[in-house]
Structure formats: structure tokens, C-alpha cells
Amino acid sequence: MLILIGTSQFPDANCETLKQWVYSIDYESRAIIQYHTRHNVPIIYCDSPQELEKVDFDSEARKSDSSLIKSMETFLRLSPEDARRDLAKEYSQSEYPVNDCKKLVDFYQARDEYTEKILRREIKRCSGNFVYVCGLDHIFGDYHPNLFDRISDLNPRRMKLSEAYQL
């Protein structure tokens, strides 16, 4: 993935925070690949291409009044220390609000249903432990059934990516 960010898009960004943010963009992918390489475990892709086609981040990012861009601008103005504190606060929550946006709940539930089918198929097909990485909303979101609810009969252990290094 190649991402080009012009300074004119975020003219008030803290340069150090911007550099660290750009480096962290593919953090989940890097962590998954490192785990895969280190432990020789397969990677299973569980996102529904049809559902992902409905998300148009590019057009959202081009809107001058985009809430996505406004929240990014606010975050990128922070010092690296304040940005880390902001992220730590986000990760410290026990439940993530989604119910206030019906479109988002519908989108997530369609993805969760698709993911559940793939996970159940792979668990039947293979033996051993599985690690699945997904967004916090899917396993801690306040909508129900979320992905964690859907597979609760499998006794999954859920954790935040920030906790995985403690294993």
C-alpha cells in the first residue's frame, strides 16, 4: 500500500505525530504477518468483498465537512505524547458505542455474519488454536449480536491488540 499525504491536507499537523501515524497505518497487517511468520500459522481472510465495496473512504476523505477528516486533523495536531494518551484512553474502554448509528450496525452485522461463517468453517476443517484480528467494535461493540456474541459457543478469548504482546 502506498499512501501519499500532502502537508496542505493537514497543515496544522504535528510533524512527529504525522510521521508516527503514517508508520502505524499498516500496523495490524504487519503484526499479523509477523505472527504468521514466527509461529507458522495460516492467515484466514474473513472480510466480505461485497460489504467492503459499500465503504468509500476516498470520497468521504474528499468532503470538506467530513467527520473522518475533522477527527484526523484533531488527532494529528496533538504531540506524540498526547496522541499516545488519546489512543490509550480509546483502548481503555470496555464497550464501544455503535448503536447510535443504524447504518454502521447494519454494515458491521453483515460483516460479522460473513466472518462467523468463515471462522466456523475453518475451525471444523483444522485443529488447534486460532487467532483472529478485527476491529474493537466487532468484539466489544454495544450492538448485538456482534461477532463475539455470534461465536460465544466456541468460548473465544477476546482481547485488544494492545494486550496481545503480554501473551
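A short reminder: the numbers here are calculations on the coordinates, not readings from a lab. Every value quoted in this text rests on a predicted model; they were computed, and no experiment measured them. A quick note on method: Cβ atoms are made from the backbone with ideal geometry, for glycine too, and the neighbour counts reach across all protein chains shown.
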Item to complete: Please give every one of the aspartates and glutamates within straight-line cross-link reach of residue 117, meaning a C-alpha to C-alpha distance under 18 Å, and leave out same-chain neighbours fewer than 8 residues apart.
Response: 47, 51, 106, 149, 153
Fill in: CD proxy at 222 nm, helix term only [per DSSP H run n ≥ 4: -39500 (n - 2.57); per residue of the chain; nearest 500]
-16000 deg cm²/dmol
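Are any of the pairs 19/103; 19/102; 19/89 more than 23 Å apart by Cα-Cα distance, and if so, which? Don't skip to the answer; put the middle values down first.
Working: 19/103 33 Å; 19/102 34 Å; 19/89 21 Å.
In this structure, 19/103; 19/102 lie more than 23 Å apart at Cα.
What is the chain's relative contact order, in percent, from Cα pairs under 8 angstrom and six or more apart in sequence?
Details: 105 pairs, mean separation 42.0, N = 167.
Reported as a whole number, the value is 25 percent.
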Worksheet entry | Options (1) 1.15; (2) 1.24; (3) 1.56 - which one matches Cα Rg over 2.2 N^0.38 Å as calculated here | (1)
Worksheet item: Given H placed on each backbone N at 1.01 Å, which residues far from residue 141 in sequence or on other chains put an amide H within less than 5 Å of it?
Response: 96
Discussion item. Cross-link candidates for residue 70: which aspartates and glutamates have Cα within less than 16 Å, leaving aside residues fewer than 8 places away along the same chain?
Written reply: 12, 58, 60, 86
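Which FRET efficiency value, to the nearest 0.05, do you get for residue 68 and residue 127 by plugging their Cβ-Cβ distance into 1/(1 + (r/R0)^6) with R0 = 45 Å? It would help to have the intermediate numbers written out before the result.
Numbers: r = 41 Å, r/R0 = 0.92.
Efficiency computed from Cβ-Cβ geometry: 0.60.
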Response to the item:
Here, residue 27 and residue 103, labelled 7 Å along Cα→Cβ, have an inter-label distance in nm of 2.8 nm
Response to the item:
Within the range 122-167, DSSP-loop chymotrypsin sites (Phe, Trp or Tyr not before Pro) with at most 16 other C-beta atoms within 10 Å are 130, 165
Discussion item. 7 Å from Cα along Cα→Cβ at both residue 110 and residue 41: what's the point-to-point distance in nm?
Written reply: 3.0 nm
Worksheet item: Karplus couplings for the range 10-21 from phi (6.51 cos²θ - 1.76 cosθ + 1.60, θ = phi - 60°), rounded to Hz, Gly and Pro as x?
Response: 10, x, 9, 5, 6, 4, 5, 5, 4, 4, 5, 5
Item to complete: Using only Cα atoms, find the angle between the long axis of helix 27-39 and the longest principal axis of the chain, and express it within 0 to 90 degrees, rounded to the nearest 10.
Response: 40 degrees
